[in-house]
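Some notes on the structure that comes next.
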Amino acid sequence: MSIFKRLFKMGQAEAHSALDKLENPIKLTEQGIRDLKLDLDKAMKSLAELKALEIRTRREMNDSKSKSEDYERKAMAILTKAQGGGMEAAEADRLATEALNLKEQSTQHAATLASQLQQHEAAVSQMENNVKTLKNKISTWENELRTLKARHKVSQATAKMNKQMADIDSTSTISMLEKMKEKVEAQEALAEGYAHIANENKSLDEEIDAAAAGTGGGSAALDALKAKMAGQNPGNE
């Protein structure tokens, strides 16, 4: 086996090995992306639930603050009415006190909701970061997957080329080319031989035509010229 064929065989083996090594990473990456997308779906659902809880808590907190302010206004209105003689002072004091107690309860409830709201906002912020991280990971892995698939495709093409190159027998190829060369040269020589024969046949036909034209006699002008030349030549007398 020639050195080139051994090199091609080595390249072929390395290409197949590369294919085997790439196969699992591609499948693992695909599975990893599917898992991340499932995690992203769960994270998005949790984020929506946290945002809903945040919205409800803020609304309840604002309602409690509004109630607190409203109870205070009502207590002031009762006391004002009592001062104007519209109701008994003792009854006014009792109702105003109850309104202030409810105001305090609403204030405390609003404070509790405010603390809960901070916790919900922190959870929402953390979940938003998680969602962003998952999206970035998915994008990174999808890019990696495209790269792996491209490498896989190139490796397949390289393996195919190496296999074809490894199957080439330089000795038989050269022998085949030499035979083709001899055949072409023989065909060219044969064509040249036919050309010579054609030219020889043409020349023979021309000689026959010329001789035949001479036996038929020349023109009157030619005969006269020959007679004149014979008369002028003393050796012909």
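Points worth noting:
- Taking label positions 7 Å along the Cα-Cβ direction at both Glu69 and Val131, the computed distance is 3.1 nm, reported to one decimal.
- Cross-link pairs beyond the 18 Å C-alpha cut-off, checked among Lys27/Lys132; Lys45/Lys135; Lys42/Lys137; Lys42/Lys135; Lys37/Lys153; Lys27/Lys135: Lys27/Lys132; Lys37/Lys153; Lys27/Lys135
- Sorted peptide list for 56-69, 79-92, criterion being average Cβ within 10 angstrom, highest first: 56-69, 79-92
Laboratory data are not the source of any read-out in this text; all were calculated from the coordinates shown. What you see is a predicted model, and the numbers here were worked out from it, not measured in a lab. Note that we place each Cβ from the backbone using ideal geometry, even for glycine, and neighbour counts take in every protein chain shown.
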